[in-house]
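Below: the structure, in structure tokens.
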Amino acid sequence: MPDTDECFVVAVDGPSGSGKSSTSRGVAQRKGYAYLDTGAMYRAATWLVLDSAVDSSDPAAVAALVARTELRVGTDPAAPTVSVAGTDVTAAIREPRISAAVSTVATNLEVRRLLIDQQRQIIAAARPGIVVEGRDITTVVAPDAQVRVLLVADPQARVARRKNELGETVADHEVHDQVIRRDRDDSTVAEFHDAAPGVRVVDSTELSLDEVVDQIVGLIDDQADRSVSAGRAAGVGQSRT
Ligand SMILES: Nc1ncnc2c1ncn2[C@@H]1O[C@H](COP(=O)(O)OP(=O)(O)OP(=O)(O)O)[C@@H](O)[C@H]1O
Ligand SMILES: Nc1ccn([C@H]2C[C@H](O)[C@@H](COP(=O)(O)O)O2)c(=O)n1
């Protein structure tokens with residue numbers, strides 16, 4: 001039998017608009033797992049900086065502010081939440097001003113260290129499993145995750161999805177900024193274009209959301225079956241007579 005005390009971790013990375021959040025929430029709901037949106041944590045830190053008097057171009061001051069402020073993340077995939085010093089910022093962190101500024105905070109290496117520590121604590125406490133999505137989950141935050149996926153989609157599909165989400169009134173250059181420019185800046189601190197060894201690539205360009213969820217649930221179920229077989233082969237959970 002697999003060790004039921006161990007958290008089953010599903011790590012999902014990928015570029016902007018590849019479908020990480022929608023897919024990860026769907027997978028977590030299907031499996032009864034928790035869901036951690038690490039991008040929401042970087043967005044919350046950005047909201048904090050913009051809401052403060054701290055100079056956002058001063059990396060040490062930004063990191064000190066993040067270090068002394070309580071940031072809480074709710075991991076219910078049906079209703080993920082995030083709060084900063086008791087203020088619910090779940091909706092506010094999706095505003096375009098946050099999307100435009102978040103890469104500056106997310107490329108602050110001390111902020112990354114602080115948030116990665118917190119992400120690992122949340123993962124360690126989750127039961128029976130957790131789907132964690134971001135840019136560096138398969139490589140840095142949880143390289144030992146039982147299932148690791150790089151979710152990709154063609155840039156044209158990702159831009160079209162984001163445009164569809166933001167509405168026709170949003171200018172093309174803003175959509176481009178939220179997808180292509182942000183990826184370029186974010187990829188200076190995390191590798192999410194090429195899969196690390198052992199990471200499965202799932203291309204969502206031609207797949208519906210349900211089809212992508214099906215694929216990842218399939219990978220989880222296969223891995224769980226392999227763990228049971230390995231446990232049996234090792235005699236784990238079998239009584240000796
Ligand atoms: N397989 C899919 N087919 C079509 N649309 C999709 C698919 N997956 C996600 N979408 C849509 O694409 C948009 C972006 O998806 P989502 O927010 O999940 O991507 P993301 O990778 O988390 O992006 P970001 O990193 O920028 O937050 C959403 O409007 C979502 O509904
Ligand atoms: N593990 C992560 C998660 C996110 N980021 C950065 C990259 C994005 O610009 C920003 C917001 O993420 P999103 O909500 O768009 O997924 O946070 C990162 O560097 N590492």
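Taking region 97-118 as the search range and keeping residues that are within 16 Å of the chain's Cα centre (by Cα) and among the hydroxyl-bearing types (Ser, Thr, Tyr), which one is nearest to ligand 2 (Cβ to nearest atom)?
Looking at the filtered set, the residue picked out is 103.
Can you say whether residue 182 is within 28 Å of residue 100 (Cβ to Cβ), in contact with a helix residue (DSSP H, G or I) (Cβ under 9 Å, 6 or more places away or on another chain) and either open to solvent by 50 Å² or more (accessible area, probe 1.4 Å) or in contact (Cβ under 8 Å) with a residue 60 or more places away in the chain (or both), as far as the supplied structure shows? Step through it out loud before you land on a result.
On the way: within 28 Å of residue 100 (Cβ to Cβ): yes; in contact with a helix residue (DSSP H, G or I) (Cβ under 9 Å, 6 or more places away or on another chain): yes; either open to solvent by 50 Å² or more (accessible area, probe 1.4 Å) or in contact (Cβ under 8 Å) with a residue 60 or more places away in the chain (or both): yes.
Answer is yes for this residue.
Can you pull out the strands (runs of 3 or more DSSP E) entirely within region 1-97 that have at least 2 residues that are at pLDDT 95 or above, crowded, with 24+ Cβ neighbours inside 10 Å and not acidic (Asp, Glu)? Before you say what the answer is, go through the steps one by one.
On the way: elements: 8-13, 34-37, 71-74, 81-84.
Filter on region 1-97 gives 8-13, 34-37.
If you scan region 6-17, which residues turn out to be more than 12 Å from ligand 1 (Cβ to nearest atom) and in contact (Cβ under 8 Å) with a residue 40 or more places away in the chain? If you could, list the steps in order and put the result at the bottom.
Going residue by residue through region 6-17, those that are more than 12 Å from ligand 1 (Cβ to nearest atom) are 6-11.
7, 8, 9, 10, 11 - these are the residues of region 6-17 that are more than 12 Å from ligand 1 (Cβ to nearest atom) and in contact (Cβ under 8 Å) with a residue 40 or more places away in the chain.
Considering only residues of region 119-140 that are in a helix (DSSP H, G or I) and surrounded by fewer than 15 Cβ atoms within 10 Å (Cβ to Cβ), which is nearest to ligand 1 (Cβ to nearest atom)?
Step one: filter region 119-140 for residues in a helix (DSSP H, G or I), giving 119-125, 137-140.
Now narrow it down to the ones that are surrounded by fewer than 15 Cβ atoms within 10 Å (Cβ to Cβ): 120-121, 124-125.
On the way: 120: 20, 121: 22, 124: 23, 125: 23 Å.
Here the residue is 120.
Of all the residues that make up region 182-206, how many are within 12 Å of ligand 1 (Cβ to nearest atom) and of a type outside the set (Asp, Glu)? Quick ask: steps written out before the conclusion?
Residues of region 182-206 that are within 12 Å of ligand 1 (Cβ to nearest atom), as a first pass: 182-183, 186, 190, 192, 202-206.
With of a type outside the set (Asp, Glu) added as a condition, the list becomes 182, 190, 192, 202, 204-205.
The total comes to 6.
Out of (1) open to solvent by 50 Å² or more (accessible area, probe 1.4 Å); (2) within 12 Å of ligand 2 (Cβ to nearest atom); (3) closer than 23 Å to residue 93 by Cβ, what's the single condition that is false for residue 176?
It is condition (2) that residue 176 fails.
On the basis of being within 13 Å of ligand 1 (Cβ to nearest atom) and of a type in the set (Lys, Arg), does residue 162 make the cut? Give the derivation first.
Values: within 13 Å of ligand 1 (Cβ to nearest atom): yes; of a type in the set (Lys, Arg): yes.
Yes: the conditions hold for residue 162.
When residue 212 is evaluated against the numbered criteria (1) assigned to a helix (DSSP H, G or I); (2) away from ligand 1 (no atom under 11 Å from the Cβ); (3) modelled with pLDDT of 95 or more, which criterion, by number, is the only one it fails?
(2)
Going residue by residue through region 151-167, is there one that turns out to be under 12 Å from residue 10 (Cα atoms) and either acidic (Asp, Glu) or out of contact with any Ser or Thr (no Cβ under 8 Å at 6 or more places or on another chain) (or both)?
There is no residue in region 151-167 that is under 12 Å from residue 10 (Cα atoms) and either acidic (Asp, Glu) or out of contact with any Ser or Thr (no Cβ under 8 Å at 6 or more places or on another chain) (or both).
Pairs only if they're at least six apart or on different chains, beta carbon under 6 angstrom, first in region 18-31 and more than 15 Å from residue 204 (Cα to Cα), second of a type in the set (A, V, I, L, M, F, W, C); list them, first residue then second.
28/131; 30/217
Could you please let me know if residue 106 is within 16 Å of ligand 1 (Cβ to nearest atom), open to solvent by less than 50 Å² (accessible area, probe 1.4 Å) and among the small types (Gly, Ala, Ser)?
Numbers: within 16 Å of ligand 1 (Cβ to nearest atom): yes; open to solvent by less than 50 Å² (accessible area, probe 1.4 Å): yes; among the small types (Gly, Ala, Ser): yes.
Yes.
Scanning region 141-158 for residues that are over 25 Å from residue 113 (Cα atoms) and open to solvent by 40 Å² or more (accessible area, probe 1.4 Å), which turns out nearest to ligand 2 (Cβ to nearest atom)?
Per the criteria, the residue is 155.
I'd like the full set of residues that are touching a strand residue (DSSP E or B) at 6+ places or on another chain (Cβ under 6 Å) and not β-branched (Val, Ile, Thr), limited to region 62-118.
71, 72, 74, 77, 80, 83
The values are calculated or read from the model by the stated rules, or taken from the named source; none is laboratory data. All figures in this text were calculated on a predicted structure; none of them were measured in a lab. Note that each Cβ is placed from the backbone with ideal geometry, even for glycine, and that neighbours are counted across all protein chains shown. Each accessible area value is taken on the protein alone, full model and side chains, heavy atoms only, with ligands, DNA and RNA left out. Shrake-Rupley method; radii C 1.70, N 1.55, O 1.52, S 1.80 Å.
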